[in-house]
Every structure is written in C-alpha cells, then in structure tokens.
There are 2 protein chains.
Amino acid sequence: MRRWNGWGEEHTEMALAADGARFLQGVLGDGQVLPLASLDSVIKQVPPSRLPAHPLTSCDPELRIRHARGQSLPDWLAMRSGQFERFPDAVALPESAEQIRELLAFAKAQDALVIPYGGGTSVAGHINPPESSKPVLTLSLARMNRLLELDTTSHLATFGAGANGPQVESQLRAKGYRLGHFPQSFELATVGGWIASRSSGQQSLGYGRIEQLFAGGLLETFDGTLEIKGFPASAAGPDLRELVLGSEGRFGVLSEVKMRVSREPACERFYAVFLPDWNHALPAVRELVHAKVPLSMLRLSNTAETTTQLKLAGHPGQIAWLERYLRLRGISSDKCMLLLGISAHPKQLRASLSQAKAILKPHGAVWTGTLLGKIWERGRFRFPYLRETLWQAGYLVDTLETVIDWSGVERLLGALEHSLQAGLKDENEPVHVFTHLSHLYGSGSSIYTSYLFRPGADYKTALARWQKLKKAACEAIVREGGSISHHHGVGRDHAPYLAAEKGERGMAVLQTLAQHFDPQGRLNPGALLLDQGQMQ
Amino acid sequence: MRRWNGWGEEHTEMALAADGARFLQGVLGDGQVLPLASLDSVIKQVPPSRLPAHPLTSCDPELRIRHARGQSLPDWLAMRSGQFERFPDAVALPESAEQIRELLAFAKAQDALVIPYGGGTSVAGHINPPESSKPVLTLSLARMNRLLELDTTSHLATFGAGANGPQVESQLRAKGYRLGHFPQSFELATVGGWIASRSSGQQSLGYGRIEQLFAGGLLETFDGTLEIKGFPASAAGPDLRELVLGSEGRFGVLSEVKMRVSREPACERFYAVFLPDWNHALPAVRELVHAKVPLSMLRLSNTAETTTQLKLAGHPGQIAWLERYLRLRGISSDKCMLLLGISAHPKQLRASLSQAKAILKPHGAVWTGTLLGKIWERGRFRFPYLRETLWQAGYLVDTLETVIDWSGVERLLGALEHSLQAGLKDENEPVHVFTHLSHLYGSGSSIYTSYLFRPGADYKTALARWQKLKKAACEAIVREGGSISHHHGVGRDHAPYLAAEKGERGMAVLQTLAQHFDPQGRLNPGALLLDQGQMQ
C-alpha cells in the first residue's frame, strides 16, 4: 500500500547507518522528531463534498485525502501534521478518453475546477486544490496505464497517459524496448505527468528529455480533443507538442501519448570517477560534453555532496578503503565524485570510455570501476525514501534545482548554496547544503541542490523555516539568471518567479494560450500562471 | 553579383555533361528553352510605390524587384517571364533592433503590411507580397549579419538574425567553432530565416535541426521586444523558443539570435556505400538509426536518384569503372547510393565506422571509400545551380519534401513518386522523378523528391504543369499522412494543406497566437496561415 502521507510503498525503507546519523548530528545538532497525525484523525476532518454524485467520481474521504497533496516538503508538513487545509471535493479515475471528456463536461456543468493528476509526485504544488469558492474535481489518470500500441518499425509506443515509470518500462521490456526516462520520481510518476511538467530523467544525456521522447498524443480539452500528430520532425509551423509540454494541466488533460522508444542497449555501465576538487571537476565535465562523447549519464557531485553521500552510504569500512586508495592517488578531502554512464554497443562503449578517460586524465581523475556505479544503479530510485528515514531521525530534507549556461554555473551554484546555508542565520540554525550537476548540455547544466535542516519545535516553525529557505533560494536563482526549474516544473510554488525569465510579453503569450483553451479558468488554476488575484 | 532572376552568383555555373544531357533527352525528350525577360524590361513595369519616403526605406525599382520573389519554381517562372504580378512598395535594410522597431511603427502608421526577409531562398512563397490594397514593406535583415558575441565557456554564439550561412560559419571558423547547419540553401539563406521556417541541415543527424541549435533571441513585435532567454533546457512552462520556430514572420521579426555552437570536429569523413536495391537499403538505414550509431549524416538515394546522379555527374569513364567494380561485388542496375558522414574524434570515428560496417554488411552493402563523399562535399551547395543549367538545356526541376514515421515511408514515397510520374499523363508528357531520404530519425524519415519535366511552349503552360504536379504531390502527402514539410516550411504554397495535420483545433491555436502578436494581421499575411478570405 502506498503511504498516505509520504513517499512510496509503506514497507520500503532505507536505513540510516550509525555513521550517517553521527555525521548529521555533527553538522545539524540533535534531530527533532515531530508527531504524526493519524489517517483516522484526518478522515474526520474531511468536509462534505461540494459536488453532486456522478457515476465516474468518488467522494470517499480517504481517496480525497490521498489526492490532496503532492510530495513537496510543505506537502509533507501538511500531511504529517494533519493540516491539509483543502481536499478535492471528488476524485475521478476515468478509464478512457471518452470518460475524461464526460468528466470535463460534468465539471463545466457544475462550475467546478479540474486538477489533472498523474502520480501525485509534484514537488512544486502542481496538484494541490487551490483556495476557491468553486468545488474541485481531481482527475487521476491512474487507470489509463496500458501500452496501447507498439510500432516496432517506427520505434513508437502509445500509452495511456497514466502509465507510471514501472508500468511504462515493464510493458516495453517485455518486447525488448525501453523509453529510457528515469527521473527520481520513476516509481510513482506518470508519463503524462512527465510531459505536462517537462520532466528529465537521470539518463537524459543519452535518451533526451521528455521533450525529445514525446512524439504526439491526445489532449482532451473543454472544446474536444486536440490531436497532436507525431511526426519525427516537421517544418510545418510551430510545434503543437511544445504547447502541451510544460502546460501543467492548464490547457487540457492528456489521455494518450505516443513515445519514441529505443531497443534495450546491448551494454550499460555506470562508472565512478573521482576528481581532486571542484575546480578540477567543473572544466572536466564541461569538456566531456563539449567533446560530444556519446554517454548516457553524467552526474557530478560537489565536495559537500560527495562527503555526505559517502557518510550516508553505510559500509564505513569499505568507504575507508576507498578513501585510502584515493589518497594514495592524490585525491583527498576536497574530492568530487562523478558518475558516468554509457549505454551502447560494446564497440561504442569502449570508444566512449577511452575518449572519456583521455579527457578526464589531465584533470586529475581517478577511476574506481563500476562497483559504486552498480550501487548507485540499485538505489537510483531510493533517494526519496531517505526523506522518510531522515524524518524519523528528526531532520527535514528538500531539494531545489535550476539550470543556466556554463558561464553562469559557478556563480549561480555559489549564490544558491549560500542563500540556503545562511537562510536560518537569524535563528542561529545550521543548514546542511550540497549540490550535483546531473543534466549536462553543450551550453550549460542543471544545478541540483539538497538541503537538510531541523524542523524546530513544531510544524509551524518547520514550515516557516522552509518558506524562508525556499524564498531565499528562488530569489538567488532569479537574481543570478537561472531558470526557476530545470525539471520539477513551475506548479504553484514557482509561479511567482516565472515572469522573471519569461518576461512580461512571454507571460502574456502563456496567458493568451490558457485563455484560448480554458476561457473560464477551470483547469488547474494557479499552477504555472498565477491567477488574476495573485498577480496584483 | 547575385542573379536577379534565379539562384546564386551570376558567374557560378554547373556544367551539364554530354552524357547527362543525352540521359535527360532519353527520359524527357528534347529540351524546350523559354525566352528570358530582361531586368530592364521588368524595371519599366515596377509601379510607383504606395509608401511615402522614409529614411530607412528605399523605393528603388531594382531593389524592389530583387525582393519580390523567392526561389520556388513558380517564382522562377514569374521572374524569367517578367510577370512578377506584385512588388513590395519599399524595401528596408535595417542595421539594428531599434531600426526594426522604427520600421514596424512606420508600417503601422502607414497601414502597411510587413514581410520579414532573410536570404530570399524560400521555395514555398514565404516572402512574396500578397494581393492586398495595403502597401507592402519588405524588411531585409541582410545588414544585421555580425557575430555579436561568442561565449566560449557555454559554446553560445549571438548573431544578427540576417547572417547567412557563409557569414555564420566563417565568423565562427575564425575562432575554431561551427554551427553545423548546412541546408542546401546555405550560401544565401540566413540564420533568422532558418529559425522562422524550421530549417534542417544536411548534417542534422549529428548537429540537430535548427530547433536544437537555436537557444534564444529577440523577437521584435508591434508591441515591443519579446526576449527569449536561452537556457540549455528548462521545465519552466511551455518553451517560447518553439513559438518563434516555424512562425514564418507572422509573430514578429527576429533581430538577434543566440545559437548553440560546437568546436570544429577533429575528423570528418563522408563515405559512399552502395546497396543492391531499395528493399535492402531501407531496412539497412533504419537499423543504423535504431542502433544509434553516432553519425553526422545519412543520405540514401533510391535507384532512380542513384542512376540519375551518376549520369549527371560527368566523368563517364570513372563511373563506368565504379559500376564494373560494383557489378563484380553483385550490385548492378537497382543499386542505391548511401552517403554516410561521421564528424568526431578519431576514436569515435573508428568505432562508428566499424559499427556501421557490421550493421550494413548483412544488407549487402559495398563500401567505396571517401572519394564520392569528397565529391559530394565539394558540390554540396551546388545543386541549386543545376536548376540554371537544366533551364538552359530546356528542362524544369523542382523538389518536394515531407516526413513520416518509418512504417509509412515506403507507402508515402511510392504515392508521392507516382503522383508526379502520372501528373502530366493527360498531356502525354513524361516526368522524371527520383528521391532520397536525408534526415533520418529513430521514428521515421524525411522524403525528398526531385522531379524534372519540360516547360511546354510557353510560361503559361509551364506554370500550369507545375501547378498540376504540385497539387497532386501535396494531396498525396496529405492523404498518406505525411507532414506538408520537413524543412522547406509552409509559406503560401503549403498553407492550404496545413490544417490536414494540425487539425481544426491546432489551427485555431495558431490563429490565436497570430492574433495575439499581430491583431491587425500586418505581418506576412497569407504565409503559414491562410487569411480569412482564403479559408472560406
């Protein structure tokens, strides 16, 4: 059973090694565990639905609770304190495009708002019911999760938009294919959600972002179905796919999606490489992407992240051996870990490996083989479970991400980390901050920063601390010219910062599009675009 | 001096070998050369301008003639017969974004239409003044052609939008970089034009289409400048770049563009490979892209194109030797030529070559080394000059292109070639048709078809023949589910067919966007989107 108030399956846990716990105590002080509200106590709070009965909807309180919040830290605080604020008035689980259209018509007739819901994994408030006098219908695509068609000549797979990561990949694997989209939300997030929020997976360097994988599909709108034909590429005017990508449910509901798939790679390896320090590591990875070495993944942790990861990894004996070996090779406490993936034919793998080694050598790189890569691969979707472990140890963790040209990476990364490190200075409270680059492009890189802090005495304090940190970090991103999101999307949490990058005229275009598809503003209002009240 | 009534520089010519001339005579009959109107006679026809004088515009008749038409076959017929129909009332050659905005304001004040003009290489009627009671101002970006900034850390180059292919590449080459965008229009077409029409270059397999190369820029609109910030990638809502890509001047005028550039490759080779016939060739190239071999170009000619190319190449002695060699290796008259490019580090080149050879071998491929590849490379931008040569020999040539999923390639290619071959049956006139695939994707391929025919007794007959052929071919594309353009764009010639792929709701979105940017419909009306009158 999926957790009602946190990430993933109830019985999946990730242990915190004694060494890791000591490390956190050292940097943050003793943990502070907040009390958990029970599901029963929350069920009692759920108000009566403002929507009449409909054969395709349910007003079951537990179902409404389970669709009321995403996975952002404030969502966790709301769920765990039992202070949900709002619930959808009803939840629908349609099984076809026709049923989606029927539900849209129902919402229109009832003057209700509609929140399209994929895996509920948003960390930016995409699926939270907004404050409104209108009733809210949450429309979950969870039952539309089948591989509907696989064209093995064209390597195109059509899915119901509600297929989650494992459903996508297991149905493809049975036929020898893969989509290759592996975001950390993989276990729960859906292909439709990835498209609507412009997701990017861990191996985007090889497989592309969701923009490159999404070929076309059906968008159900109040006005009927917009069919986006899936050409390999086309010069026939602006690309309608691009309107849906990142639309965050404002323009319509994806029912079916056609995806570009690949055969499973002949060979796939993840190597761990260590670089002496950040000043060696940054030009090294830039050089790898500029030389266009065919790799499927690069993930470079800064010194703070490398240290933290090795501390939290458990196995202190093995890690000590590794560190001794690295010291012998001249790499000590400032080291940065680089994970490098290759997914290719063995000939290409050898060529890429050889080229990567030649490029990294002058930067002082030490290769440690594939063992750490295998450990990473096994645990690649486990990180979200660590939040639970840390919660139980009395620490809160959140992540933030942005993207900028290479010439701005160092400046923005520094400003972002500083904004968080200093964010609770007024309370004399430490914040532990570390960062990696995991989506590298010729022109720049994503910056993914994690931060840990203590909740304080109660939920109110915890939320206030988060708000302070989030605000400081988002302002640093905007000030230094980063995008407010590289792959988490805008949702409600980032909406106030969007205008800084799109500009007034860019925002006006997006408003025009929202108005075009949804003149009454029923579809996920407040996500992506602030509603009129908020803008003033 | 650039030709006023055709392609390229006046003194650049491409000879037609005697063998080639005989070949054409054999398939099409004796050539029919139409008389050419003189520039002087056309100058006398140019009517007085309907626009008042302005310091940034010129009403010089020759300048107006030189900006009145593109390079489509009907454009050629119009220019060569002297029947231009319409001329812009004035031409402006702004030197800055400010001047563009000043000209837009002037056009608004004068109730004039504005046609943004890049290299004038459109083959789909993008820049032809429409029939209108309003005066027409053509706004050429030709003077805004400089490399304004090169960020060597981020591999980003900012250009004036009017820089043409040689201006782009020579300014980059001086610093060790390349854009890598090499469409056949390279010599004359501009980077802004490529973006506005979603162009694709010969090495798009390695460098990407213009969509992947365009990072951001400035769009001058009636309402001011829309700045599109150039992130490497972003999840912050729909991507504004994608609105400009393919907008064909309907939303605004690009003034500055930021492009993702690469270092010049360590090594670049083009290999010629022959396959026994189309049935062997098609699965062979599909396998190359599905195996994701890192190549920078694939161009597969069908049997008719291979035969025609070898006949028109000149050097009959050497070609005879080549054919003898191929026959010894089991490849005879049904042969298909595949050009395969690799642009990479020598290690990668060897790996890609080895993998490509292993993949092509079971399909009966015979490699002939890099000699034909070098000949192709030297003449890669010369094909448009062949139109002049063929004209002088009394034949007309035009090309058509589309794109479709792999599962539809064979069907669409057959239907397209048949529509042209049979297109002049009512006149008992032969049409020589041949095709290549030159932009290959995991999910499908472009289809590029050339057709040659005789003009008949006069220009009227020639135009009527072209109209018949074009209509038949476009209808075949639409019927078989292809896109109306893979890289030539929509312009005025393809606009009637756009709704077939975008659908009624897709067209409505594009109309809303045009309305948003240009409520009075002054910007390039009739291109991309039919104007209201035409739609009825």
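The values are calculated or read from the model by the stated rules, or taken from the named source; none is laboratory data. Just so you know, these numbers come straight off a predicted model, no measurement behind them. Here the Cβ is made from the backbone with ideal geometry for all residues, glycine too, and neighbour counts use every protein chain on show.
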Exercise. Is one or more of the residues making up segment B:46-68 under 30 Å from residue B:379 (Cβ atoms), in contact with a helix residue (DSSP H, G or I) (Cβ under 7 Å, 6 or more places away or on another chain) and not assigned by TED's automatic domain parsing to the domain that holds residue B:226?
Worked result: yes
Problem set entry | Total residues in segment A:144-174, condition in contact (Cβ under 8 Å) with a residue 24 or more places away in the chain, in a loop (DSSP other than H, G, I, E, B) and away from chain B (no Cβ under 14 Å) | 6
For this session: Just one of (1) closer than 26 Å to residue A:196 by Cα; (2) touching a residue at least 60 places away in the same chain (Cβ under 8 Å); (3) crowded, with 24+ Cβ neighbours inside 10 Å trips up residue A:469, so point out which.
Result: (1)
For this session: Filter segment B:243-275 down to the residues that are of a type in the set (D, E, K, R) and closer than 30 Å to residue B:96 by Cβ, then identify the one that is surrounded by the fewest Cβ atoms within 10 Å (Cβ to Cβ).
Result: B:256
For this session: For residues that are under 19 Å from residue B:330 (Cβ atoms) and exposed (fewer than 14 other Cβ atoms within 10 Å of the Cβ), scanning just segment B:359-386, find the one that is nearest to the chain's Cα centre (by Cα).
Result: B:369
Exercise. Looking at segment B:439-455, is at least one residue crowded, with 18+ Cβ neighbours inside 10 Å, among the basic types (Lys, Arg) and over 30 Å from residue B:219 (Cα atoms)?
Worked result: yes
For this session: Could you figure out which of (1) assigned to a helix (DSSP H, G or I); (2) over 21 Å from residue A:228 (Cβ atoms) isn't true of residue B:509?
Result: (2)
For this session: Determine, yes or no, whether residue B:95 is at pLDDT 95 or above, part of a loop (DSSP other than H, G, I, E, B) and among the charged types (D, E, K, R).
Result: yes
Problem set entry | Hits in segment B:98-143 - residues which are more than 13 Å from residue B:523 (Cα to Cα) and either in a strand (DSSP E or B) or under 24 Å from the mean Cα position of the chain (by Cα) (or both) | B:118, B:119, B:120, B:121, B:122, B:123, B:124, B:125, B:140, B:141, B:142, B:143
For this session: Answer yes or no as to whether residue A:42 is more than 30 Å from residue A:246 (Cα to Cα) and free of Cβ contacts under 8 Å to residues at least 60 places away in the same chain.
Result: yes
Problem set entry | Top-ranked residue in segment B:486-512 [being at the interface with chain A (Cβ under 7 Å from one of its Cβ atoms) and of a type in the set (A, V, I, L, M, F, W, C); ranked as farthest from residue A:516 (Cα to Cα)] | B:490
Exercise. What tally of residues in segment B:245-275 results from selecting those that are closer than 25 Å to residue B:492 by Cβ and facing chain A (nearest Cβ under 8 Å)?
Worked result: 4
Exercise. Do you know which of the residues in segment B:334-358 that are among the polar types (S, T, N, Q) and at pLDDT 95 or above is surrounded by the fewest Cβ atoms within 10 Å (Cβ to Cβ)?
Worked result: B:354
For this session: Hey, could you check segment B:486-500 for residues that are assigned to a helix (DSSP H, G or I) and not hydrophobic (A, V, I, L, M, F, W, C) and say which is surrounded by the fewest Cβ atoms within 10 Å (Cβ to Cβ)?
Result: B:496
Exercise. Applying the selection to segment B:176-207, what residues are within 11 Å of chain A (Cβ to nearest Cβ), buried (at least 24 other Cβ atoms within 10 Å of the Cβ), of a type in the set (Gly, Ala, Ser) and not in a loop (DSSP other than H, G, I, E, B)?
Worked result: B:196, B:204
Problem set entry | Residue that is nearest to the other protein chains (Cβ to nearest Cβ) [pool: residues in segment A:208-221 that are surrounded by 24 or more Cβ atoms within 10 Å (Cβ to Cβ) and part of a strand (DSSP E or B)] | A:215
Exercise. Can you find a residue in segment B:310-327 that is buried (at least 21 other Cβ atoms within 10 Å of the Cβ) and either of a type outside the set (Gly, Ala, Ser) or at the interface with chain A (Cβ under 10 Å from one of its Cβ atoms) (or both)?
Worked result: yes
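Each row is one residue, and each column tells you yes or no for (1) part of a loop (DSSP other than H, G, I, E, B); (2) free of Cβ contacts under 8 Å to residues at least 24 places away in the same chain; (3) within 21 Å of residue B:434 (Cβ to Cβ).
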| site | (1), (2), (3) |
| --- | --- |
| B:19 | no, no, yes |
| B:37 | yes, no, no |
| B:80 | no, no, no |
| B:86 | yes, no, no |
For this session: Could you please find all residues in segment A:222-241 being within 7 Å of chain B (Cβ to nearest Cβ) and out of contact with any Leu (no Cβ under 8 Å at 6 or more places or on another chain)?
Result: A:223, A:224, A:229, A:231, A:232, A:233, A:234, A:235
Exercise. Would you pick out the residues in segment B:45-57 that are without any contact (Cβ under 8 Å) to a residue 12 or more places away in the chain and in a helix (DSSP H, G or I)?
Worked result: none
Problem set entry | Unmet requirement for residue A:53, which otherwise passes all of (1) at pLDDT below 95; (2) small (Gly, Ala, Ser); (3) within 19 Å of residue A:136 (Cα to Cα) | (1)
Problem set entry | 3 or more residues more than 30 Å from residue A:83 (Cα to Cα) and more than 14 Å from chain B (Cβ to nearest Cβ): qualifying helices (runs of 4 or more DSSP H) within segment A:371-485 | A:371-378, A:406-421
Exercise. So is residue B:351 touching a Lys or Arg at 6+ places or on another chain (Cβ under 8 Å), of a type in the set (Gly, Ala, Ser) and within 12 Å of chain A (Cβ to nearest Cβ) or not?
Worked result: yes
Exercise. Do we have any residue at all in segment B:276-294 that's crowded, with 18+ Cβ neighbours inside 10 Å, within 14 Å of chain A (Cβ to nearest Cβ), under 25 Å from the mean Cα position of the chain (by Cα) and outside any helix (DSSP H, G or I)?
Worked result: yes
Problem set entry | Counted residues, segment A:1-14 - those being in contact with a helix residue (DSSP H, G or I) (Cβ under 7 Å, 6 or more places away or on another chain) and aliphatic (A, V, I, L, M) | 1
Exercise. Can you spot a residue in segment B:324-339 that is in contact with a Gly (Cβ under 8 Å, 6 or more places away or on another chain), in contact (Cβ under 8 Å) with a residue 24 or more places away in the chain and closer than 27 Å to residue B:404 by Cβ?
Worked result: yes
